[in-house]
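This report concerns only the one structure given below.
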There are 2 protein chains.
Amino acid sequence: MIDLEQIRDCYTATPSKIVMLVVDGLGGLAHPVTRRSELETARIPNLDAMARESACGLTTPMLPGVAPGSGPGHLALFGYDPLKYLIGRGALEALGIDMELMPGDVAARGNFCTVDGGGLLTDRRAGRIASELSAPLCRRLNQIKLPGVELSVMPVEGYRFVLRLRGEGLSERITETDPQVVGVPPLTTKALDLGATKTSRLVNQFADQARQLLAEEERANMVLLRGFAQMPSLPPMGQVYHLNPAGIAAYPMYRGLATVAGMRIIPTGHDFAGEVETLHQSYGDHDFFFIHYKPADTAGEDGNFSAKVLRLEELDPFIPRIRELDPDVFMIAGDHSTPAVMAGHSWHPVPFMLHSKLTKGEGVPRFNERDCAQGSIGRIPATQVMLLALAHAGKLIKYGP
Amino acid sequence: MIDLEQIRDCYTATPSKIVMLVVDGLGGLAHPVTRRSELETARIPNLDAMARESACGLTTPMLPGVAPGSGPGHLALFGYDPLKYLIGRGALEALGIDMELMPGDVAARGNFCTVDGGGLLTDRRAGRIASELSAPLCRRLNQIKLPGVELSVMPVEGYRFVLRLRGEGLSERITETDPQVVGVPPLTTKALDLGATKTSRLVNQFADQARQLLAEEERANMVLLRGFAQMPSLPPMGQVYHLNPAGIAAYPMYRGLATVAGMRIIPTGHDFAGEVETLHQSYGDHDFFFIHYKPADTAGEDGNFSAKVLRLEELDPFIPRIRELDPDVFMIAGDHSTPAVMAGHSWHPVPFMLHSKLTKGEGVPRFNERDCAQGSIGRIPATQVMLLALAHAGKLIKYGP
């Protein structure tokens with residue numbers, strides 16, 4: 001967020017309101033036969049109508065060619081340089097299950113695994129045991145006591161869990177215990193610098209006790225730990241931008257990312273319809289709202305072109321419901337592209353539009369990759385989206401006399 | 001290469017292959033009468049066909065308005081920030097005559113010149129004497145002995161030569177001996193910092209001995225030395241990107257630039273036809289190939305619009321021959337524009353296209369400045385071309401969880 005902190009004196013508080021809708025995995029690629037992208041294929045009359053009176057453009061999530069994970073993709077939209085602030089795997093996993101992470105806590109992604117009588121790994125995923133089987137094992141691991149730290153094990157799904165350590169003087173700078181191959185024993189963790197020796201000793205004690213507690217299990221008789229991570233300390237966006245920001249997201253990970261950026265989380269339902277109603281109910285309480293739409297990304301990740309088209313069409317009718325609130329700035333952005341033809345996150349620039357009283361004379365015919373490329377905003381780094389939002393909301397004053 | 005090193009963990013080795021064709025001086029400007037550029041005028045059906053299924057865009061070699069030399073133009077395409085890594089004049093001159101430069105060597109561009117009886121310069125270029133006359137004089141200068149260093153003088157063309165010093169503790173930080181005007185004596189060189197005093201002393205001894213050895217010559221009776229330079233130390237691109245890169249170039253300077261970037265040079269013939277056959281023969285041995293097409297630049301530098309059009313038309317039939325290899329990524333880029341109407345390098349953004357399995361649904365109608373500006377890539381710094389190449393080849397994994 002170097003750019004944004006450089007103009008810190010320009011941010012000013014006003015009563016105007018900003019709504020940022022993040023459509024996860026929004027951007028796509030042309031289908032090789034029809035040569036039309038998911039957005040170009042979808043019937044999205046409300047999004048198109050909004051594009052005709054919005055400032056439109058494309059956002060580059062990180063750099064050309066670099067596909068971001070969900071963490072960097074969102075932090076960039078909130079204005080944080082994702083090369084400067086990286087959320088490690090363990091911390092993101094904790095955010096994804098609504099597990100609280102306080103400053104100093106260390107979280108790791110854990111796998112149940114299978115070892116043979118000699119202690120050698122035979123299956124790094126314990127036969128992919130079901131969540132029903134792993135949940136009681138997590139409860140068992142929670143009984144482990146380590147000197148001077150509080151320990152918590154929470155199930156994620158199937159063979160996966162999160163280990164959280166809470167206490168003084170912990171460090172994320174330790175190596176992983178997963179050797180990534182079978183036929184060898186799990187590794188012991190090692191400190192990567194002097195400040196991490198206490199943490200590595202505690203984690204090795206945890207692994208030893210886990211082995212004893214799980215010894216009788218047929219498949220899940222040991223654990224592997226990786227992605228040790230602490231939460232990075234970010235300047236809270238409310239403080240930097242003089243906002244009172246809130247996050248509304250049905251999926252835990254996105255609530256977690258909003259928390260990391262310093263937003264207040266407003267409890268909501270389990271789908272986007274619930275999120276939009278939550279936005280309506282809480283609209284008087286904040287001046288910035290991040291609201292998250294997940295299904296388009298899921299379809300893209302599945303490589304299902306027509307499903308992604310459908311998920312975009314299902315989003316469309318919610319747009320008028322949000323516009324009823326008449327926010328001073330309503331913008332629609334994506335954290336990254338998830339082209340169905342790639343079945344994964346990609347680096348491709350993401351369509352973006354920003355609607356405000358000032359943009360009535362701007363606009364492009366339709367909301368898609370090709371039209372947005374011709375929009376008045378052009379191509380900008382995702383980290384600069386917040387500047388445009390604040391400016392259109394009258395919250396960013398002139399720089400210099 | 002700051003950006004690229006920050007995402008170092010994202011580079012991954014795969015069997016996929018990348019071919020980068022650099023068309024020297026590719027970009028042009030519209031002819032003032034026809035209002036069409038060289039590329040828009042040329043009949044280039046194969047390049048156009050490729051553009052229709054490629055990701056297209058424009059690359060900015062350095063900054064708007066800044067025309068790069070061949071060195072910075074190529075280094076940028078290889079991913080190196082040309083503002084950080086500059087190859088000095090003497091070093092580039094050495095590369096241009098296939099003269100080996102090892103780390104620590106100092107090279108200078110030399111001119112034979114004429115001084116009068118009082119030692120005052122009367123002609124800084126010794127009447128532009130022919131190469132036939134200067135070659136034996138270079139052999140004579142090679143007889144000079146300096147304490148503790150190895151010395152080599154190689155003719156370039158006409159009155160120009162390269163002086164190379166090899167030994168311990170040499171420095172490029174010394175001033176030039178060319179006063180840039182006549183009627184004054186050649187300058188002695190001075191150290192620009194303490195570490196360069198040894199080098200300046202040696203160079204002054206060289207100049208004194210050259211004066212004695214050349215005293216009987218009518219025109220070339222003295223030397224001027226400028227552009228003292230050592231090779232910059234670049235992180236080898238093979239190591240940074242996890243590639244096994246090779247360079248194929250008929251012209252020595254471009255082989256030199258490929259060497260500087262850490263590529264292996266594959267011996268080839270004296271024209272582009274030879275380069276393309278070399279590419280075919282060595283295609284199994286590497287996963288990245290830089291191949292260089294020179295003639296378009298030469299015609300542009302000559303200010304010959306129709307010749308540049310012809311040189312582009314002559315390139316066109318080679319495109320199918322390269323595509324026969326079916327590289328995972330085949331990209332066509334330029335190190336800079338050389339508009340015939342300017343008869344020199346320029347700063348104008350350069351057409352760029354990248355073909356891969358993923359780009360079948362993208363594309364623009366024709367390969368030229370105007371159409372590429374509408375392409376899906378947009379305008380990017382030339383230093384980011386490698387990121388796109390690696391991404392489309394599956395060699396650049398997601399950043400962050």
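Just so it is clear, none of the values below were taken in a lab; they were calculated from the coordinates. On a predicted model such as this, the values are computed, not experimentally measured, just so you know. Here the Cβ positions follow ideal geometry from the backbone for every residue, glycine too, while neighbour counts run over all protein chains shown.
I need the fraction of alpha carbon pairs in segment A:254-401 separated by more than 22 Å, rounded to a whole percent.
47 percent
How much net charge surrounds A:GLY361 when only the other residues with a Cβ under 14 Å from the Cβ of A:GLY361 are counted, with Lys and Arg +1 and Asp and Glu -1?
Every neighbour counted, the sum reads +1.
Identify which of A:LEU234, A:LEU47, A:LEU120 has the largest mean-square fluctuation in a Gaussian network model of chain A, with springs joining Cα atoms closer than 10 Å.
A:LEU120
Quick check for me: using +1 on Lys/Arg Cβ and -1 on Asp/Glu Cβ, what's the dipole size of segment A:52-161 about its Cα centre, in debye to the nearest 20? Working shown, then result.
Working: 11 positive and 11 negative charges, 50 e Å.
I would put it at about 240 debye.
Can you sort A:MET386, B:MET62, B:MET50 from fewest to most other Cβ atoms within 10 Å of each residue's own Cβ?
Neighbour counts put them in this order, fewest first: B:MET62, B:MET50, A:MET386.
Evaluate the relative contact order of segment A:92-229 (contact order divided by residue number), counting alpha-carbon pairs under 8 angstrom at least 6 apart; express in whole percent.
Normalised by residue count, the contact order of segment A:92-229 is 32 percent.
Would you mind counting up the charge near A:GLY394? Only other residues with Cβ under 14 Å from its Cβ, with Lys and Arg at +1 and Asp and Glu at -1.
Result for the local shell: +2.
Tell me the Kirkwood hydrodynamic radius of segment A:1-68 in angstroms, computed as one over the mean inverse distance between distinct C-alpha pairs. Mind showing how you got there, number by number?
Values: mean 1/r = 0.0630 Å⁻¹.
One over the average 1/r among Cα pairs gives 15.9 Å for segment A:1-68.
Tell me, what are the semi-axes, in whole angstrom and largest first, of the equivalent ellipsoid of segment B:308-382 as set by the roots of 5 times the Cα gyration tensor eigenvalues?
Listed largest to smallest, the semi-axes of segment B:308-382 are 22, 17, 11 Å.
Quick one: which residues, 5+ away or cross-chain, put their amide H under 5 Å from the amide H of A:GLY27? H built at 1.01 Å from N.
A:HIS336, A:SER337, A:THR338
May I ask you to list the lysines whose Cα is less than 17 Å away from that of A:LYS395, ignoring any residue fewer than eight positions away on the same chain?
Those lysines meeting the cut-off are A:LYS17, A:LYS357.
Binning every alpha carbon pair distance of chain B at 20 Å from zero, what are the percents per bin?
Over chain B, the share of Cα pairs per 20 Å bin runs 26, 50, 22, 1 percent.
Given 0.36 nm per residue, what is the gain on full extension from A:ILE380 to A:ASP326 after removing their alpha carbon distance, in nm?
Stretched out fully, the A:ILE380 to A:ASP326 stretch lengthens by 16.9 nm.
Give the whole-number value, in cubic angstrom per residue, of the convex hull volume spanned by the C-alpha atoms of segment A:92-229.
Dividing the Cα hull volume of segment A:92-229 by its residue count gives 96 Å³.
Rounded to the nearest angstrom and ordered from largest down, what semi-axes does the equivalent ellipsoid of segment A:34-85 get from its C-alpha gyration tensor (root of 5λ)?
Computed over segment A:34-85, the values are 27, 15, 9 Å.
Determine the distance separating the Cα centre of segment A:37-110 from the Cα centre of segment B:209-264; give it in Å without decimals.
Here the two parts' Cα centres lie 46 Å apart.
In whole Hz, with x marking every Gly and Pro, tabulate ³J(HN,Hα) for segment B:357-369 from phi via Karplus 6.51 cos²θ - 1.76 cosθ + 1.60, θ = phi - 60°.
With the stated coefficients, segment B:357-369 comes to 4, 6, 9, 4, x, 9, x, 10, x, 9, 8, 7, 4 Hz.
If I take all pairs of Cα atoms in segment A:35-163, what percentage of them are more than 26 Å from each other?
Value for segment A:35-163: 49 percent of Cα pairs lie more than 26 Å apart.
For a footprinting-style exposure proxy, rank B:ASP326, B:ASP48 by other Cβ within 10 Å, fewest first.
Least to most surrounded, the residues fall as B:ASP326, B:ASP48.
Out of every Cα pair in the protein assembly as shown, what percent are spaced more than 49 Å from each other? Don't skip to the end; give the middle numbers.
On the way: 102869 of 321201 pairs.
Everything past 49 Å amounts to 32 percent.
What gaps in nm, shortest first, separate A:GLU217 from its twins in the other copies when you place the label 7 Å past Cα toward the beta carbon?
Ordered by distance, the counterparts are at 8.4 nm.
What does the structure give for B:392-400 when I average, per residue, the other chain Cβ atoms found within 10 Å of the residue Cβ?
For peptide B:392-400, the averaged partner shielding equals 6.
Of all DSSP beta bridges located in the protein assembly as shown, what percent are antiparallel, nearest 5?
Roughly 60 percent of the DSSP beta bridges within the protein assembly as shown come out antiparallel.
Can you sort B:LYS360, B:LYS84, B:LYS395 so the residue with the fewest Cβ neighbours within 10 Å comes first?
B:LYS84, B:LYS360, B:LYS395
Give me the inter-chain shielding for A:65-76: mean count of other chain Cβ atoms within 10 Å, whole number please.
Average neighbour count from other chains, rounded to a whole number: 5.
Using the Karplus curve 6.51 cos²θ - 1.76 cosθ + 1.60 with θ = phi - 60°, what ³J(HN,Hα) values do you get for each residue of segment A:118-133, in whole Hz, with x for Gly and Pro?
Computed from phi, the couplings for segment A:118-133 are x, x, 8, 5, 10, 8, 6, 10, 6, x, 6, 4, 6, 4, 4, 7 Hz.
Report D for segment B:221-318 in µm² per second (integer): Stokes-Einstein, Kirkwood Rh on Cα pairs, 4 °C, 1.567 mPa s.
On the way: Rh = 15.4 Å.
Taking Rh from Cα pairs, D becomes 84 µm²/s.
Take chain A, connect every pair of alpha-carbon atoms lying under 10 Å apart with a spring to form a Gaussian network, then pick out the residue of A:THR14, A:THR60, A:THR259 with the largest mean-square fluctuation.
A:THR14
Between the label point of A:LEU310 and that of the same position in each other copy, find the distances and list them shortest first in nm, with every label point placed 7 Å from Cα along the Cα-to-C-beta direction.
In ascending order, 6.1 nm.
Which distances, shortest first and in nm, link A:ILE7 to the matching position in the other copies, using label points set 7 Å out along Cα to C-beta?
2.4
May I ask you to list the trypsin sites (Lys or Arg not before Pro) in segment B:104-157 that are in a DSSP loop and have at most 13 other Cβ atoms within 10 Å of their Cβ?
The qualifying sites are B:LYS145.
In whole Å and largest first, what semi-axes does the C-alpha gyration tensor of segment A:138-208 yield when each eigenvalue is scaled by 5 and square-rooted?
19, 18, 10
Most fluctuating residue of A:ASN368, A:ASN111, A:ASN142 in a GNM of chain A with Cα springs under 10 Å: which is it?
Among A:ASN368, A:ASN111, A:ASN142, the largest GNM mean-square fluctuation belongs to A:ASN142.
How big is the dipole moment of chain B about its Cα centre under a simple scheme where the beta carbon of each Lys and Arg is +1, that of each Asp and Glu is -1, and everything else is neutral? Debye, nearest 20, please.
520 debye
What distance in nm separates the two pseudo spin-label positions at A:TYR399 and B:GLU132, each 7 Å out from Cα along the beta-carbon direction?
Calculated label separation equals 6.3 nm.
Where the Cα atoms of segment A:175-253 are projected onto their three principal axes, how long is each span, largest first, in whole Å?
Computed over segment A:175-253, the largest-to-smallest principal extents equal 54, 36, 23 Å.
Could you work out the longest stretch of chain A that avoids the GluC sites (Glu not before Pro) located in DSSP loops with at most 13 other Cβ atoms within 10 Å?
So the longest stretch without any such site is A:219-323.
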